[in-house]
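Below is one structure, written out as structure tokens; comments come after it.
The values are calculated or read from the model by the stated rules, or taken from the named source; none is laboratory data. Only a predicted model underlies this, so the values are computations on that prediction, with no experimental measurement involved. With ideal geometry, Cβ positions are generated from the backbone for all residues, glycine too; neighbour counts draw on all protein chains shown. Quick note on the areas: whole protein, heavy atoms, side chains included, nothing else; ligands and nucleic acids left out. Shrake-Rupley method; radii C 1.70, N 1.55, O 1.52, S 1.80 Å.
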Amino acid sequence: MSSAWSEFEHTLRTGESAFEHVFGTDYYAYLAARPDDSGRVDASVRAQNRHVLRTVLHAYPWGALGTVVDVGGGNGAFLAGLLTRFRQLRGTLLDQPHVLAGAPPVLAAAGVEDRCELVAGSFFDEVPAGAGGYVLKTILHDWDDGRALAVLTAVRAAMRPDSRLIVLEALLPPGDTYHVGKLLDLHSLVLVAGPDRDETDLRALLDRAGLRVSDVRPTDTLAILEAVPA
Amino acid sequence: MPMNERPSTLVESIFRLQELADYIVPFGIRAVCDLRVADCLVGGPRSVGELAAVVGAHEGSLFRVLRALACKGIFTEVEPGVFGLTPLADLLRSDHPLSLAEAYPLMSANFRAWSEFDHTLRTGESAFEHVFGTDYYAYLATSPRDSARYDGIQRAGTRLELRAMLRAIDWGRFDHVVDVGGNNGAFLAGLLARHKHMRGTLLDLPHAVGAAPALLAEAGVGERCEVVAGSFFDGVPAGADAYVLKRVLYDWPDDRAGDLLDVVRAAMRPDSRLLLLDPVIQPADAFDVGKIYDLLSLAMLAGKARTREEVIDLLDRHGLTVTRVVETPMFPIVEAALRAPDGARSP
């Protein structure tokens, strides 16, 4: 990881991922082949999740969704937090097989494993259909417009007319105002050359996937954008 | 706020810890230093597009880095997409008298060593040697690019040290000063420039003194300074008034540090002085930069910064007596002399 950061200059000169420049493979493919580093990323995401959970659990009527698919939900830490707080909610965790391997203990520790199904797969290909809510938490910022659109299209195809898509992304304040998302953005830039999108860009992207933003709720961490089929 | 003040609430603690543990900002600073972005803003704020064209950067990526740094007070976005300098960014200009532009290079060899820091913690061995199979200074001797970067870091540090140390003691009483492990001579040049009667001898490894003649000439002190290429473990020019060891001793564990002190002691006259300009560890939680430098020395060299008692004890074991300790804004100057024979007073 530090090897990628030490080639930060490459990213600044070209806009390309320093990680790919150093390792010749994309970040997530690298992690799939490296259980050690994958576990570290997992742990780091878990720690950040606690803060995100603290702020977003109260900020949205998650309980009303009935069923939730966390699309690219990692080891399920976020979904476990949702299911712990909303007892009537059922969940589905979708991610790649090597990522899902870490999920059973996380779900069991939270005591929610009987309300959570695991689905191994790529969110570019197919997303489980017919749930009340679909969560994309800090997924879109890792992908360029073409790939992000592919994810959104797969989600859109899985949605019922009354399903909700909940996009959790940092919306950055203008000017010099501090926001941790401005720092984490560089992480995405260096590792995956993820794009820089403001609210207008996000809305436009959702629109192209046949989704209409129905609600925006800022929090101290990630903003909540709710979208419905257009 | 004192650097080690305790936050009072959980949220404050979370923010403080995140700030301390973050490595994104440090890398961001280094990346814009490599591109010399601050130099391009000396004339006033500029648009990212213009900046990117001048420094050869990708516009969108440069914007995101400057945006992140601006939210931490380094650079300021005066209007959307237009950035200017702040007091912190000012220090990243090459033409600033105390410029830190060279202090933060993207030195990947160091970063690779740091990422194996847990090896040092488990074994006490240098993470750098663990990764590269060679010691830090031997590596620098084989890598002109990193050696130049190391030089830049030293130049930047030395500017601050000169400011802190030149007025701290009366250097003028010395006619001949040997800077032992004086790298490119930046410190000695500053010393000689201030004291016109003084002669200097610079001793360091061949790759380290390579840039010295030019630097000394530029400071106008080339004629008063001799450059000696060699290892200070093999010998030090004899009979000078003062021997300076600036940030050298803490690079070495006690046995090697002791070897070096023996070599210097052998070169000293009874009235010579040894001047240690070295990080010294303060007790308990008190903040001092020595505790931070100590980790750098540990990870790269398996060396150590010492407490005042440890320094005095080490000198004592090698026939040297501390004559005084002078505090400076950076680290203290420990002055020592040959231990007088029993019953006599040191001159």
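Counting only heavy atoms of protein chains, what accessible area per residue, in Å², does chain B have with a probe of 1.4 Å?
For chain B, the per-residue accessible area is 45 Å².
Can you give me the accessible area per residue for region A:1-158, using a 1.4 Å probe, in Å²?
Result: 43 Å² of accessible area for each residue.
In the calculated pair distance distribution of chain A, what percentage of Cα-Cα distances lie above 28 Å?
Pairs farther apart than 28 Å: 27 percent.
If you take the C-alpha gyration tensor of the protein assembly as shown, multiply each eigenvalue by 5 and take the square root, what semi-axes do you get, largest first, in whole Å?
Calculated on Cα positions only, the semi-axes equal 56, 25, 20 Å.
Taking all protein chains in place and a 1.4 Å probe, what share, in percent, of the accessible surface of chain A do carbon and sulfur account for?
The C+S portion of the solvent-accessible surface of chain A is 51 percent.
Could you please report the charge total around B:Met330, scoring K, R as +1 and D, E as -1 over all other residues with beta-carbon less than 14 angstrom from its beta-carbon?
Residues close to B:Met330 contribute a combined charge of +2.
Might you report the magnitude of the Cβ-based charge dipole of chain B about its Cα centre, with Lys and Arg at +1 and Asp and Glu at -1, to the nearest 20 debye?
600 debye
Report, ordered by chain and residue number, the lysines lying within cross-link reach of A:Lys182, taken as a straight Cα distance under 28 Å and ignoring same-chain residues fewer than 8 apart.
The qualifying lysines are A:Lys137, B:Lys72.
So if I take the alpha carbon set of region B:137-245, get Rg, then get Rh from the Kirkwood formula, what is the Rg over Rh ratio?
Taking Rg over the Kirkwood Rh, I get 0.95.
Sort region B:1-117 into rounded, prolate or oblate with this rule: let a ≥ b ≥ c be the square roots of the eigenvalues of the Cα gyration tensor; rounded if a/c is under 1.5, and if a/c is not under 1.5, prolate when a/b is larger than b/c, oblate otherwise.
Prolate.
State the antiparallel share, in %, of DSSP beta bridges confined to chain B, rounding to the nearest 5.
In chain B, DSSP labels about 45 percent of beta bridges as antiparallel.
Output the peptides B:48-59, A:92-103 sorted from most to least packed, where packing is the average of other Cβ atoms within 10 Å over each peptide's residues.
Ranked from most to least packed, the peptides come out as A:92-103, B:48-59.
Heavy atoms of the protein only, probe of 1.4 Å, neighbouring chains included. What is the accessible area of A:His21 in Å², nearest 10?
Answer for A:His21: close to 100 Å² accessible.
Using Cα centres only, tell me the gap between region B:133-201 and region B:208-256 in whole Å.
7 Å
Counting only Cα, what are the radius of gyration and maximum Cα-Cα distance Dmax of chain B, in Å?
For chain B, the Cα radius of gyration and maximum Cα-Cα distance read 21.9, 75 Å.
Taking the Cα centre of region A:131-230 as origin and charging only Cβ (+1 Lys, Arg; -1 Asp, Glu), how large is the dipole, in debye to the nearest 20?
440 debye
Report, as an integer, the average count of C-beta atoms from other chains found within 10 Å of each Cβ along B:59-70.
Mean shielding count: 6.
What net charge do the residues around A:Gly76 carry, taking every other residue with its C-beta under 11 Å from that of A:Gly76, with Lys and Arg at +1 and Asp and Glu at -1?
Net charge in that neighbourhood comes out at -4.
Can you give the Rg and Dmax of region B:31-185 based on its C-alpha atoms, in angstrom?
Looking at region B:31-185, its Cα Rg and Dmax stand at 19.4, 58 Å.
Need the list of lysines near B:Lys246 for cross-linking: C-alpha distance under 25 angstrom, and skip anything on the same chain fewer than eight residues off.
Here the lysines satisfying the reach criterion relative to B:Lys246 are B:Lys196, B:Lys291, B:Lys304.
Counting only DSSP beta bridges with both residues in chain A, tell me the antiparallel percent, nearest 5.
Around 40 percent antiparallel, to the nearest 5.
Other chains near A:180-189: what is the mean number of their Cβ atoms within 10 Å of each residue's Cβ?
The mean count of partner-chain Cβ atoms within 10 Å per residue comes to 6.
Leaving out ligands, DNA and RNA, calculate the buried accessible area for the pair A and B with a 1.4 Å probe, summed over both sides, in Å² to the nearest 100.
That pair hides around 2800 Å² of surface in total.
Per residue of B:14-24, what is the mean number of Cβ atoms on other protein chains within 10 angstrom of that residue's Cβ?
Across the residues of B:14-24, the mean count of other-chain Cβ atoms within 10 Å is 3.
Just the projected area, averaged over all directions, of the convex hull on the alpha carbon atoms of region B:280-331: how many nm²?
4.2 nm²
Kirkwood Rh over alpha-carbon pairs of region B:248-304, then Stokes-Einstein at 4 °C and 1.567 mPa s: what D in µm² s⁻¹, rounded to an integer?
Value of D from the Cα-based Kirkwood radius: 103 µm²/s.
If you line up the Cα atoms of region B:204-336 on their principal axes, what length do they span on each, largest first, in Å?
Principal extents (largest minus smallest coordinate, Cα): 46, 31, 26 Å.
Can you give the net charge of the other residues whose Cβ lies under 15 Å from the Cβ of B:Gly43, counting K and R as +1 and D and E as -1?
With Lys, Arg at +1 and Asp, Glu at -1, the neighbours total -1.
Taking every pair of Cα atoms in region A:112-169, average 1/r, invert it to obtain the Kirkwood radius, and report Rg/Rh to two decimals.
0.97
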